[in-house]
1. Looking for whichever is more than 17 Å from the chain's Cα centre (by Cα) and among the β-branched types (Val, Ile, Thr) here; the options are Thr22, Thr12, Thr37. Which one fits?
2. It is to be established whether one or more residues within the stretch 95-118 are among the basic types (Lys, Arg), surrounded by 15 or more Cβ atoms within 10 Å (Cβ to Cβ) and in a helix (DSSP H, G or I).
3. Please determine, by comparing only the residues of the stretch 125-169 that are of a type outside the set (Val, Ile, Thr) and not in a helix (DSSP H, G or I), which one is modelled with the lowest pLDDT.
4. Quick one: which residue in Leu67, Leu82 is free of Cβ contacts under 8 Å to residues at least 12 places away in the same chain and more than 29 Å from Arg169 (Cα to Cα)?
5. Enumerate the pairs (first residue in the stretch 92-109 and touching a residue at least 40 places away in the same chain (Cβ under 8 Å); second residue anywhere and assigned to a loop (DSSP other than H, G, I, E, B) and open to solvent by 10 Å² or more (accessible area, probe 1.4 Å)) with beta-carbon separation below 8 Å, excluding pairs fewer than 6 apart on the same chain, so at least 6 apart or on different chains.
6. Only residues that are outside any helix (DSSP H, G or I) and open to solvent by 20 Å² or more (accessible area, probe 1.4 Å): list them for the stretch 3-34, please.
7. Go through (1) in a loop (DSSP other than H, G, I, E, B); (2) open to solvent by less than 70 Å² (accessible area, probe 1.4 Å) and name the single condition Val122 misses.
8. State whether one or more residues within the stretch 79-88 are hydroxyl-bearing (Ser, Thr, Tyr), crowded, with 16+ Cβ neighbours inside 10 Å and not in a loop (DSSP other than H, G, I, E, B).
Amino acid sequence: MFGNINRARVLTTTATCIALITIGGWISIPFIPVPLTLQTLFVLLSGALLKRYGFLPPLAYLLLGVLNIPVFHNGLSGVGVLLGPTGGFIVGFIPAAAIVGIAYEQEHTGVRLIGLTVGTLVIYLCGTLWMVSSTGMTVAGALALGVLPFIPGDILKAAGAYLIERRIR
């Protein structure tokens, strides 16, 4: 591993993205049942920056939270958070970052924007399905509470991830 610049870059970027996802959970506006946070911005950014390794920061973030390290929104931790109504959104971070990372393997701007969009939709899908199964809500109710209020902000977060990645590169 000594002297391998790519591994060092992946490791430091992964650690930075884990920290950013955690900090993004503290920057929140309470909604019920899902808080509005900046986490999705940093999940999408981790995919954009790390490409094929983009799933690593949200995976490590989830594992840290399960190990009772207070990384989830507002300093929560434990399996109970994943079993609650927000758990599906957190689990959805992993495939979302992977999809964005795969899209960012391509140089075409359109593919990258589609990746950011699909990544966001995957978070919505996982979150909605989990809200329906964990709370007994209808799909329409879960969409009304867990997706619709967040669409404008998530469009801005996806645009932010795109612009931040361009600036960093």
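1. That would be Thr12, the only listed residue that is more than 17 Å from the chain's Cα centre (by Cα) and among the β-branched types (Val, Ile, Thr).
2. Yes, some residue in the stretch 95-118 is among the basic types (Lys, Arg), surrounded by 15 or more Cβ atoms within 10 Å (Cβ to Cβ) and in a helix (DSSP H, G or I).
3. Arg169
4. Leu67 is the lone residue from the list that is free of Cβ contacts under 8 Å to residues at least 12 places away in the same chain and more than 29 Å from Arg169 (Cα to Cα).
5. Pro95/Phe55; Ala97/Phe55; Ala98/Phe55; Gly101/Phe55
6. Passing the criteria: Gly3, Asn4, Ile27, Ser28, Ile29, Pro30, Phe31, Ile32, Pro33.
7. (1)
8. No - not one qualifying residue is present in the stretch 79-88.
The values are calculated or read from the model by the stated rules, or taken from the named source; none is laboratory data. Please read all numbers here as calculations on a predicted model, not as lab measurements. Neighbour counts run over all protein chains shown; Cβ positions are idealised from the backbone, glycine included. All accessible areas refer to the heavy atoms of the entire protein, side chains included, with ligands and DNA or RNA removed. Shrake-Rupley method; radii C 1.70, N 1.55, O 1.52, S 1.80 Å.
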